[in-house]
Each structure stands twice: as C-alpha cells, then as structure tokens.
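J.: This is the structure, below, for whatever I ask next.
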Amino acid sequence: MANSLTAIILAAGEGTRMNSKLPKVLHAVAGEPMIDYALQNAEALKPQKIYVVVGAKSDEVIRYVGKRAVSVIQKERLGTGHAVQQVMPFLKSLKGNVVILYGDACLTRSQTILALRQFHSVQDGEAALLSAQVENPFGYGRVIRDADGTVERIVEEKDASEDERAVDEVNAGLYIFKANRLVEALKKLKANNAKKEYYLTDTIHYLLNQGGKVHALMVSDASEVLGVNDRNQLAQAHRVLNLRRIEEHQREGVTFLNPETVEIGAEVAIGQDVIIEGNVYLSGKTVIGEGSRIQSGSRLLSARLGKGVVVRSSRITESQLGDGSDAGPNAHIRGGSVLDKHVHVGTNAELKNAHIATGSKVGHFSYVGDAQLGKDVNVGAGCVFANYDGKNKHQTKVGDKVFLGSNSTLVAPVVIGKGAVVGAGAVVTKNVAPAVTVVGVPAQVFRKKK
Ligand code: UD1
Ligand code: CA
C-alpha cells in the first residue's frame, strides 16, 4: 500500500536533565504521563503500527505503553538517529510513510500532526518536518534555509556557528519520511558531531544532498514545539496544557476567577455558568452541573455534582452531590458517598461511603461513615458514626426525619427508626424504635411520641 503509515515514538532518552529516578516520559504533564500525549498523537494518524523506542531500564515505560504500541529496546543511548535505527529491522519491507515523534514533545496538537501529513502529501518531498519560530531557541536544533527559503539542514545547538545560533526557527522533532528514503538515509548516519551521537536530523541533510526535497511546515503557536528536558520545561508544559483546557471551558461558558491557579484534568466536564474560584483542583472524571460554584481551595477527584451545587474549600473524592446541595467549608466527602438533592454538609464534616437522602443536614464536625440516611435527617454538630470496632466496619441506618443531637455517637451496626430523637451526648449501642427519644450513656428510651 503506497499510503501506508507507520509511527515511531522516541522515548529512550535518559532524561539526565530531569535528575529523576522515573523515566522522563513517565513524568506527568497536566495529569497524564508525557508519553501518553505522543501515543495519542500517533493514534490520531491511525497508522498501521506504532513503535516506541525505549531505553534498557524502561520496564515501567513498556508496561505503560502496553498493547498500544510495539516497544523496541535501544540498549545504548547513541542518539535520535540510532534510536530510529533500532526499528529498522521492522521497516525493511515498508513502502509508505513513517512518522517520527519525540516522547518529550507533549504540546503538539493532534491536528498539527494531521496537517503535517497533509503538507507532506501535497509537497511530495522525501520528508517534511515541523518547525516554529520561538522567542528563545536555545537548546533546539535550528532549521537552516538558503536564500530562497529552501530547507538546507538542521544544526544542533552544540554544532551551530554563531550565525546559525541566531536563527530562531527551530526543529520540533516531528517528521514524516518516505519509508524507503528513511531506511536509506539511516544507513549513512555518522556520529561526527559535538555530542558524538547519531542524529536523526542528519538524515535531512543527507536526503537534500542526494537531490531530494525536504519541506518544513511552520506552526504559528510556538508552544507546540516545546520539548521537556528539565523540570522547568516540565512546569511550562504543565501550565500551557492546563491553560489550553481552561480556555476550552471558557468558550463553553465557564467562569474562572483566577485561571492561572486552577488545574483541570483532561476528562473533567463543566456545565454552563459554573464559577470556579482560584486554587481549585479538578481531576479524574469530575462532572460539575450548571450554575454550580466551586470556592477557592477545593479539590475534586472524580466528583459528580448536580446543578447549583456550592462547594466551599472542600475535598470531594469519588462521590456524588445532587442538585442544590452544598458542602463546607472544609468538608471531606470521601469515596462512595451519594448525596441526593439539597443535602447540606457543614464545616469540617467528614463523610465516607454514605448515602444521604434529600433535604438532610450533616452539621459541623460530624463523621458519617458506612451509613444510609433517610430524608430530612438532622445530624447535630460533633455527631460520630462509630463504624469501626477495631477489626471490621459496620453499617448504620437512619430513618427519615431523625434528629441526632450534638455530640451523640452511634455505635454500628445500629438502626435508628423513622422520626426518632437521639439526645445530645448519647451513646447509642442498640437499635432505636421509630418515634422514640433516647438519651444517656448507653442510650435509654426517655419518651415515646404519641
Ligand atoms: C532534539 C533534536 C532537535 C530538536 C529538539 C526538539 C536531534 C539530534 N535533535 O534535541 O533538533 O530541536 O529535539 O525538542 O534529534 N531519544 C532516544 N534515544 C536516544 C536519544 C534520544 O530515544 O538515543 C529520545 C528522547 O527520549 C527524546 C527524543 O528522542 O524523547 C529527543 O531526544 P533529546 O535528547 O531530548 O533531544 P534534544 O536535545 O531535545
Ligand atoms: Ca528534548
């Protein structure tokens, strides 16, 4: 097939400048490991195969890549050209095109990669590459063009003359080659440069010398060519990706009072007219319904909020809050909690694996764990659901309209009947029948409603 496509991701670099025990491409940028962006971009091309070149000690990278690509090991790190050479045995019979991506370039948009392929097919050269004009080209390979603007070669920082270093058009590290010409050029690579490495960029020079044509597509958004080599660039990449996500939400009608301080995961969904204050972290599969307000200092991980929910400086993990509910300040709603509509969770309250029906209130300083609460229940300040006996966790069930007095303790497993009242400071160790009032330690029936 003439138009068949293979993608190669280079990810075997040691990432020396990161000074880390973790392989560079596994460092997270805006919530995802760098390599994930390269994989997504390669996948967007729908290639026949994706190869990832990994280093000798890259078990973790191979595990992360999994079945999304074929991992090929580069035992010695001898340069980007040498890395691609490791895939050569698989490329021999190739007819179509090969796209090469660098694992540390996580800001290139998928649409840009698709545009490069289109550009290559129109120009019909031996290869095409992506470039950009950047404010500070230091450290990048420079794209050197002749007087007519034709690409001549790419020169690395360490090999560049003073004039060449002044060039601000840099090589992004994203290429598409005619497969047979790439295979041919790779065979000719020599490591005669400042770093004594086999540079992939030298294949460009070779192909041009052979009378071939190579074109560079210049992308207008310079952030797309950022390569992450150190922790500073990691922070830059994180900021750029995060702001791109925020801008997308802004277009969809979300207000950010202090966008630079907000972090948003790729899968977060936010409804219209939601207001997000500063220092808010939204991650996982968080969903925020229309007209909600997330106050500063909140942290939501896979939280699902209905419409008009107010969260005040609180932490919500893998839980649901129904329409019109509110939490905090400083509430901690932990895994598996489901709050129906108009539930109020007060200051410093903690919930875990609790189902709370519509209209109930969980007051300040209380702990509700492993429990089911009916409608219109009032949980007084400092009320504790003692769900753990030192070995096992137990359930508590509280009926509709129950009133739990301040500082009361419910020792699970226990059932409190509908409309019952537990006096302040009571320690409930046995089930309470509907409509009775219990008081004391341990709690005893005090009166029964008529
Ligand atoms: C490279 C380019 C440079 C470009 C820049 C863009 C070369 C020679 N230089 O420089 O022109 O402007 O990227 O960010 O290609 N890798 C391997 N095996 C190796 C060496 C590198 O797999 O032996 C991988 C790295 O993991 C990385 C990528 O290739 O993902 C690029 O290598 P890196 O050392 O970061 O190259 P730069 O110096 O940034
Ligand atoms: Ca790099």
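J.: Quick test for you: out of A147, A83, A132, A105, pick the one residue that is without any contact (Cβ under 8 Å) to a residue 12 or more places away in the chain and hydrophobic (A, V, I, L, M, F, W, C).
T.: A147 is the lone residue from the list that is without any contact (Cβ under 8 Å) to a residue 12 or more places away in the chain and hydrophobic (A, V, I, L, M, F, W, C).
J.: For the range 158-179, how many residues are within 16 Å of ligand 2 (Cβ to nearest atom) and closer than 13 Å to V225 by Cβ?
T.: Total meeting the criteria: 6.
J.: If you don't mind, there's one more thing I want to ask. Within the range 340-355, is even one residue under 17 Å from V254 (Cα atoms), at pLDDT 95 or above and buried (at least 24 other Cβ atoms within 10 Å of the Cβ)? Please lay out each step first, then the result.
T.: Narrowing the range 340-355 to residues under 17 Å from V254 (Cα atoms): none.
There is no residue in the range 340-355 that is under 17 Å from V254 (Cα atoms), at pLDDT 95 or above and buried (at least 24 other Cβ atoms within 10 Å of the Cβ).
J.: Related question: Here is a list of conditions, (1) among the small types (G, A, S); (2) without any contact (Cβ under 8 Å) to a residue 12 or more places away in the chain; (3) within 9 Å of ligand 1 (Cβ to nearest atom), and G13 meets all of them except one; can you say which number that is?
T.: (2)
J.: Just the residues that are over 21 Å from N193 (Cβ atoms) and either of a type in the set (S, T, Y) or more than 16 Å from ligand 1 (Cβ to nearest atom) (or both), please, taken from the range 69-90.
T.: Hits for the range 69-90 are S71, P89.
J.: Of all residues in the range 146-158, how many are over 21 Å from R181 (Cα atoms) and part of a strand (DSSP E or B)?
T.: Here is the first cut: in the range 146-158, the ones over 21 Å from R181 (Cα atoms) are 146-149, 156-158.
Checking the rest, the ones that are also part of a strand (DSSP E or B) come to none.
The number of residues fulfilling the criteria is 0.
J.: Restricting to the range 31-42, name every residue that is at pLDDT 95 or above and surrounded by fewer than 23 Cβ atoms within 10 Å (Cβ to Cβ). Can you show your working first?
T.: First pass over the range 31-42, keeping only residues at pLDDT 95 or above: 33-42.
Correct list: P33, D36, Q40.
J.: Can you confirm whether the range 146-153 contains a residue that is crowded, with 17+ Cβ neighbours inside 10 Å, over 30 Å from S4 (Cβ atoms) and not small (G, A, S)?
T.: Kept after step one, since they are crowded, with 17+ Cβ neighbours inside 10 Å, are these residues of the range 146-153: 151, 153.
Narrowing the set further to residues that are over 30 Å from S4 (Cβ atoms) leaves none.
No - not one qualifying residue is present in the range 146-153.
J.: Does any residue of the range 19-26 turn out to be out of contact with any Lys or Arg (no Cβ under 9 Å at 6 or more places or on another chain), touching a residue at least 24 places away in the same chain (Cβ under 8 Å) and among the basic types (K, R)?
T.: The initial filter retains those residues of the range 19-26 that are out of contact with any Lys or Arg (no Cβ under 9 Å at 6 or more places or on another chain), namely 21-22, 25-26.
Filter once more, so that each one left must be touching a residue at least 24 places away in the same chain (Cβ under 8 Å): 22, 25-26.
When the remaining residues are screened for being among the basic types (K, R), the result is none.
Within the range 19-26, not a single residue is out of contact with any Lys or Arg (no Cβ under 9 Å at 6 or more places or on another chain), touching a residue at least 24 places away in the same chain (Cβ under 8 Å) and among the basic types (K, R).
J.: If you go through the range 103-122, how many residues are surrounded by 15 or more Cβ atoms within 10 Å (Cβ to Cβ) and either more than 30 Å from A266 (Cα to Cα) or more than 16 Å from ligand 2 (Cβ to nearest atom) (or both)?
T.: Taking the range 103-122 first, the residues surrounded by 15 or more Cβ atoms within 10 Å (Cβ to Cβ) are 103-109, 112-113, 116-117, 119-120.
Narrowing the set further to residues that are either more than 30 Å from A266 (Cα to Cα) or more than 16 Å from ligand 2 (Cβ to nearest atom) (or both) leaves 109, 112-113, 116-117, 119-120.
Adding up the residues that qualify gives 7.
J.: May I pose another question? Please work out which residue is nearest to ligand 2 (Cβ to nearest atom), limiting yourself to the range 91-102 and to residues that are more than 20 Å from L114 (Cα to Cα) and in contact (Cβ under 8 Å) with a residue 60 or more places away in the chain. I'd like the intermediate steps shown before the answer.
T.: To start, the set of residues in the range 91-102 that are more than 20 Å from L114 (Cα to Cα) comprises 91-94.
Then drop every residue that is not in contact (Cβ under 8 Å) with a residue 60 or more places away in the chain, which leaves 91-92, 94.
Numbers: L91: 23, K92: 28, L94: 26 Å.
Here the answer is L91.
J.: Run down A83, A128 and say which single residue is away from ligand 2 (no atom under 16 Å from the Cβ) and modelled with pLDDT of 95 or more.
T.: Numbers: A83 fails: away from ligand 2 (no atom under 16 Å from the Cβ).
Unique residue meeting the criteria: A128.
J.: Can you say whether K49 is within 16 Å of ligand 2 (Cβ to nearest atom), basic (K, R) and surrounded by 14 or more Cβ atoms within 10 Å (Cβ to Cβ), as far as the supplied structure shows? Working first, answer last.
T.: Working: within 16 Å of ligand 2 (Cβ to nearest atom): no; basic (K, R): yes; surrounded by 14 or more Cβ atoms within 10 Å (Cβ to Cβ): yes.
Here the answer is no, as K49 does not meet what is asked.
J.: Give L207, L234, L200, L217 a once-over and let me know the one that is over 28 Å from N97 (Cβ atoms) and touching a helix residue (DSSP H, G or I) at 6+ places or on another chain (Cβ under 9 Å). Write out each step before concluding.
T.: Working: L207 fails: over 28 Å from N97 (Cβ atoms); L200 fails: over 28 Å from N97 (Cβ atoms); L217 fails: over 28 Å from N97 (Cβ atoms).
Going through L207, L234, L200, L217 in turn, the sole match is L234.
J.: Pick out, from the range 159-242, the helices (runs of 4 or more DSSP H) lying fully within it that include 3 or more residues that are away from ligand 1 (no atom under 14 Å from the Cβ), in the same structural domain as F90 (by TED's automatic domain parsing) and more than 24 Å from Y37 (Cα to Cα). Spell out how you get there, then give the answer.
T.: Values: elements: 162-165, 179-187, 202-209.
Where helices (runs of 4 or more DSSP H) fall fully within the range 159-242 and carry at least 3 residues being away from ligand 1 (no atom under 14 Å from the Cβ), in the same structural domain as F90 (by TED's automatic domain parsing) and more than 24 Å from Y37 (Cα to Cα), they are 179-187, 202-209.
J.: Sticking with this one: May I ask you to say which residue of E252, E224, E247, E277 is without any contact (Cβ under 8 Å) to a residue 60 or more places away in the chain and closer than 26 Å to A172 by Cβ? Explain how you work it out, then say what you get.
T.: Values: E252 fails: closer than 26 Å to A172 by Cβ; E224 fails: without any contact (Cβ under 8 Å) to a residue 60 or more places away in the chain; E277 fails: closer than 26 Å to A172 by Cβ.
Every option except E247 fails the conditions.
J.: Would it be correct to say that V65 is within 16 Å of ligand 2 (Cβ to nearest atom) and among the β-branched types (V, I, T)?
T.: Numbers: within 16 Å of ligand 2 (Cβ to nearest atom): no; among the β-branched types (V, I, T): yes.
Against the criterion (within 16 Å of ligand 2 (Cβ to nearest atom) and among the β-branched types (V, I, T)), V65 does not qualify.
J.: As an exercise: evaluate A237 against (1) of a type in the set (G, A, S); (2) within 20 Å of S110 (Cβ to Cβ); (3) surrounded by fewer than 21 Cβ atoms within 10 Å (Cβ to Cβ) and give the number of the one condition it does not meet.
T.: (3)
J.: Give me the pairs: first residue in the range 417-438 and closer than 12 Å to K401 by Cα, second residue among the hydroxyl-bearing types (S, T, Y) and at pLDDT 95 or above, beta-carbon distance under 8 Å, and six or more apart or on different chains, which are they?
T.: If the second residue must be among the hydroxyl-bearing types (S, T, Y) and at pLDDT 95 or above, the pairs left are A420/T437; V421/T437; V422/S408; V422/T437.
J.: Limited to the range 255-267, what total is found for residues that are out of contact with any helix residue (DSSP H, G or I) (no Cβ under 8 Å at 6 or more places or on another chain) and closer than 14 Å to I294 by Cα?
T.: Looking only at that region, the number is 4.
J.: Suppose the filter is crowded, with 20+ Cβ neighbours inside 10 Å and within 30 Å of E252 (Cβ to Cβ); does S360 pass it?
T.: Numbers: crowded, with 20+ Cβ neighbours inside 10 Å: yes; within 30 Å of E252 (Cβ to Cβ): no.
Taking the combined requirement at face value, the residue does not satisfy it.
The values are calculated or read from the model by the stated rules, or taken from the named source; none is laboratory data. Computed from a predicted structure; not experimentally measured. Every residue, glycine among them, receives a Cβ derived from its backbone with ideal geometry; neighbour counts consider all protein chains shown.
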